[in-house]
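Working notes for the structure below.
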Amino acid sequence: MDITLVGSINIDLVYRVPYIVNSGETLHSATYSVHFGGKGANQAVTAGQLGANVHFIGKVGKDDFGEQAINNLQDKGVYVDSIRKEGATGQAMIQVTDAGDNAIVLFSGANFLVTPKQIEQEAAIISSSKALLLQLEIPLDAVEKAVEIASQHGKIVILNPAPFQRLPDSLLKNITFITPNETELAQLTGIEVTTEENIRSACRLLLDKGVGTVVVTLGSRGSFYMNHKESGWVQALRVDTIDTTGAGDAFNGALAVALCRGKSLRSSVVFATKVAAFVVTQMGAQPLIPESILK
């Protein structure tokens, strides 16, 4: 395997709205649609479409949504033998405005039934991959177990620290690449990242804790990367944004693929930026990626 992905699988219920609903307000939705989602599944589908061999470790529910989600991953070329069934499939209720902004209510469901024991049972898969890609939509102890196994075998470990939760230093020291957005970077470090110097200071703090490289996604401002050897900015591409849901996931999936192919850090970030820019021009978090993106 190129990439083992440990993470979440959801069904996204998407409502098109004129603006994000306010407290106590009832708002009519212009359209309603159902999409496959979950940060882990989004990243896996992106990486699979970009040509990587991806093995997924996670859980769905014993329901129709779970069966549909597994079939979707399998149809996209993702290996699904390590996806277990328990409880109810995770769901996300997503409001999307005409400007492309979104707000999400998440029901974790089966994702929060992933255990360290399940991860340990898949140790051979993790140890035979080039890279491990994770997020934080499953329990932290399962994430820690996966990272422990990967680091013991010298694998690339990429952590997308979303949604935010506090991370122990014992985990951070085994992360090869961490990919926060600016809000998550501030939450991880306690530093307000309103200036370039503050961003650099926050990245240095994570590097001092043992993280190999920090890649910060900054929306329309592009992204910033930093390790002990190099740092730099990559500009965002200007596109007609339709739906920002899954943009960060596409970035992470593409970054993992580029790194597995041995591309330089800067080239990997540029490639990830290009893929994420395409995804925001489409509805849903798992759009079909055209071959032109691969060139």
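One table, with the values for the structure above:
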read-out: Which of G58, A123, A69, positive extreme of dipole for segment 25-162 (C-beta unit charges); value: A123
read-out: Segment 112-222: proportion of alpha-carbon pairs further apart than 22 angstrom, %; value: 31 percent
read-out: Residues F251, F164, F36, sorted so that the one with the fewest Cβ neighbours within 10 Å comes first; value: F164, F36, F251
read-out: Computed FRET value (nearest 0.05) for D101 with E230, which takes r as the C-beta separation and R₀ as 45 Å; value: 0.85
read-out: Counting all C-alpha pairs of segment 255-295, share separated by more than 12 Å (%); value: 60 percent
read-out: For segment 37-193, share of DSSP beta bridges that run antiparallel, in % to the nearest 5; value: 35 percent
read-out: Point-to-point label distance, R261-Q282, nm (Cα→Cβ direction, 7 Å offset); value: 1.7 nm
read-out: Using alpha carbons only: equivalent-ellipsoid semi-axes of segment 22-97, gyration tensor based, whole Å; value: 27, 16, 10
read-out: Diffusion coefficient, µm² s⁻¹, Stokes-Einstein with Kirkwood Rh over alpha-carbon pairs of the chain at 37 °C and 0.692 mPa s; value: 173 µm²/s
read-out: Inter-label distance, nm, simple model (7 Å from Cα along the C-beta direction), R16/S128; value: 4.5 nm
read-out: Using θ = phi - 60° and Karplus 6.51 cos²θ - 1.76 cosθ + 1.60, couplings along segment 67-82 (whole Hz; Gly, Pro as x); value: 5, 5, 5, 5, 4, 4, 4, 5, 4, 8, x, 8, 6, 10, 4, 9
read-out: Likely footprinting exposure, H28, H55, H228, fewest C-beta neighbours within 10 Å first; value: H28, H228, H55
read-out: Equivalent ellipsoid semi-axes - Cα gyration tensor, segment 16-154, angstrom; value: 31, 16, 15
read-out: Fraction of the pair-distance distribution of segment 77-160 above 23 Å, Cα-Cα pairs, percent; value: 32 percent
read-out: Volume in Å³ per residue [convex hull over Cα atoms, computed for segment 227-295]; value: 90 Å³
read-out: Size descriptor, Kirkwood hydrodynamic radius, that averages inverse alpha-carbon separations across segment 185-239, Å; value: 11.5 Å
read-out: Taking only Cα atoms of segment 139-295, radius of gyration then Dmax in Å; value: 15.2, 44
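Laboratory data are not the source of any read-out in this text; all were calculated from the coordinates shown. Since we're looking at a predicted model, the values are computed, not measured. With ideal geometry, Cβ positions are generated from the backbone for all residues, glycine too; neighbour counts draw on all protein chains shown.
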